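**Student:** What follows is a single structure, and I will ask about it in a moment.
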Amino acid sequence: SPSPTMSMLRLTLARSPTDLAALLCLGLAWHPFVDASADEGVPEAWPSRTWIAAALAVGLAAAGVWLGGRAAISSWLLRQGAVAESRDEAAAAYEAHATAAKWSVGDPQPDYFAGIVAPRALRSPQLALRHFEAVRNLEPDFVHLNGEIGLALAQAGGHEPALPFFARDAALFPYDVIAQSRHVQCAFNTGQSEGIEAALAALAKARVAE
């Protein structure tokens, strides 16, 4: 299985939508309140619509800060997890990624990385599957999610339930040797003769293209 560090390099373009939402909220906060230049004096009190506009601007700014803050904390924790993974500290890497998932809003990466590390850190493929389910709720075909689900199911002893996920991963990444190899191996493990030839042909094609 590719390490979370290598997976991180593959996901540099997969950014959380909350980053964009935070920027949008902060951008809207500069909305002008009112043109208070009537006649030559300053009005004694702002009209009610001005207070509404001001309250809206403050609310948008607060929402932007809240979303941006959560995204920043989650990103920092993801980096800490990647560093721990590079040092082969699986338990620390899992803790960082799992904590990042709690702070994240709409970003599949923290749960994805936590799921990858969980079997090594805690010897729990079931825990990995819970993290992967959270990712599926956001993006069902997120990068190699299907292949990682297949691995977790196989580690839990379920080769037959794993086969459809390996097949889906192989279909999504036809030139990925690892995805094709997992699919072929699982097909052999389950004794599935149907489709084996096609799977082997896809693996050979991926190896030629590598």
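Coordinate-derived values only; no laboratory data. Because the structure is a prediction, the values reported are computed rather than measured. Using ideal geometry, Cβ is built from the backbone for each residue, glycine included, and neighbour counts are taken over all protein chains shown.
**Student:** Under a Cβ-Cβ cut-off of 15 Å, what is the net charge of the residues other than LEU153 that fall near it, where Lys and Arg count +1 and Asp and Glu count -1?
**Tutor:** Result for the local shell: 0.
**Student:** Which ³J(HN,Hα) values in Hz, rounded to whole numbers, follow from the phi angles of segment 160-172 under the Karplus curve 6.51 cos²θ - 1.76 cosθ + 1.60, where θ = phi - 60° and Gly and Pro get x?
**Tutor:** Result, rounded to whole Hz: 5, x, 6, 4, x, 6, 5, 5, 5, 4, 5, 5, 6.
**Student:** Once you have a ≥ b ≥ c as the square roots of the Cα gyration tensor eigenvalues for segment 108-208, tell me rounded if a/c is under 1.5, and otherwise prolate or oblate according to whether a/b is larger than b/c.
**Tutor:** prolate
**Student:** Continuing with the same structure: Net charge within 13 Å of PRO119 by Cβ-Cβ distance, Lys/Arg positive one each and Asp/Glu negative one each, not counting PRO119 itself?
**Tutor:** Every neighbour counted, the sum reads +2.
**Student:** Let me spell out the model: positive unit charges on the Cβ of Lys and Arg, negative unit charges on the Cβ of Asp and Glu, origin at the Cα centre of segment 156-210. What dipole size does that give, in debye rounded to 20?
**Tutor:** Approximately 100 debye in magnitude.
**Student:** Further question: Taking square-rooted eigenvalues a ≥ b ≥ c of the alpha carbon gyration tensor, is segment 115-169 rounded, prolate or oblate, where a/c under 1.5 means rounded and, failing that, a/b exceeding b/c means prolate?
**Tutor:** Oblate shape, in that a/c is at least 1.5 and b/c is the bigger or equal ratio.
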